[in-house]
Amino acid sequence: GTTSAPYSSGTDNVAVGYNAFTGHTAGANWNTIIGASAGSSITTATYNTCVGRVAGNSLTTQQYNTLIGGGAGNGVDGGDGGNTIVGYDACYYGDANSNNAVLGRAALFGAVGTNNATYNAIVGNEAR
């Protein structure tokens, strides 16, 4: 195995899964990350919950996100956070999304570099 040194910083974080939460630094606190490669780009983000393979994979410094489902919020990498995203591939290309409530498979799926949604409630499979 490896030493715990790279993973000994931060406060009250939980990470389970292959390559989950591997990028975090001392400022990443109070995160719950479960799933292969989930939350793997988080550096100083706080108060996030990512559950599912690659859920929240692109988060870096955002906070207060709840991302549940394989691929949920995979591309969310900007904005202020505050998203609640539930569903397989929901908000997959999230870019600078913030303060959204998204529910449904592939809801608010988006496209690379074009999905900068804020303050939306989106419900339904593939809903836009």
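Numbers at a glance
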item: Gain on full stretching of the segment that runs from Tyr18 to Tyr119 - 0.36 nm per residue minus C-alpha separation; result: 33.1 nm
item: Built amide H within the under 5 Å cut-off of Val86, gap 5+; result: Ile68, Val102, Leu103, Gly104
item: Summed residue charge, Cβ within 12 Å of Asn65's Cβ, Lys/Arg positive, Asp/Glu negative; result: -2
item: Principal semi-axes in Å for the stretch 72-120 [√(5λ), Cα gyration tensor, largest first]; result: 14, 12, 8
item: Mean Cβ count within 10 Å, highest first, over the residues of peptides 83-89, 29-35, 68-74, 115-121; result: 68-74, 83-89, 29-35, 115-121
item: For Thr49, distant residues with modelled amide H under 5 Å away; result: Thr32, Asn65, Thr66, Leu67
item: Local electrostatic count at Ala127 - Lys and Arg +1, Asp and Glu -1, tallied over other residues with Cβ under 13 Å; result: 0
item: With every protein chain in place, the chain: carbon and sulfur % of accessible area (1.4 Å); result: 53 percent
item: Paramagnetic reach from Ala36 in the stretch 63-79 [backbone N under 16 Å; point 7 Å along Cα→Cβ]; result: 69-72
item: Scaled radius of gyration (Cα, divided by 2.2 N^0.38 Å) that the chain gives; result: 0.97
item: For the chain: relative contact order, % (alpha-carbon pairs under 8 angstrom, 6 or more apart); result: 14 percent
item: Neighbourhood charge, 15 Å Cβ-Cβ cut-off, centred on Ser41 and excluding it, Lys, Arg +1 and Asp, Glu -1; result: -1
item: Value of relative contact order over the stretch 60-128, rounded to a whole percent, pairs C-alpha under 8 Å and six or more apart; result: 26 percent
item: ³J(HN,Hα) computed for each position of the stretch 69-74 - Karplus, 6.51 cos²θ - 1.76 cosθ + 1.60, integer Hz, glycine/proline x; result: x, x, x, 4, x, 3
item: The chain - accessible surface per residue (Å², probe 1.4 Å); result: 46 Å²
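The values are calculated or read from the model by the stated rules, or taken from the named source; none is laboratory data. Here the structure is a predicted model, which is why all the values come from computation and not from measurement. A quick note on method: Cβ atoms are made from the backbone with ideal geometry, for glycine too, and the neighbour counts reach across all protein chains shown. To get the accessible areas, we keep the full protein, side chains included, count just its heavy atoms, and leave off ligands, DNA and RNA. Shrake-Rupley method; radii C 1.70, N 1.55, O 1.52, S 1.80 Å.
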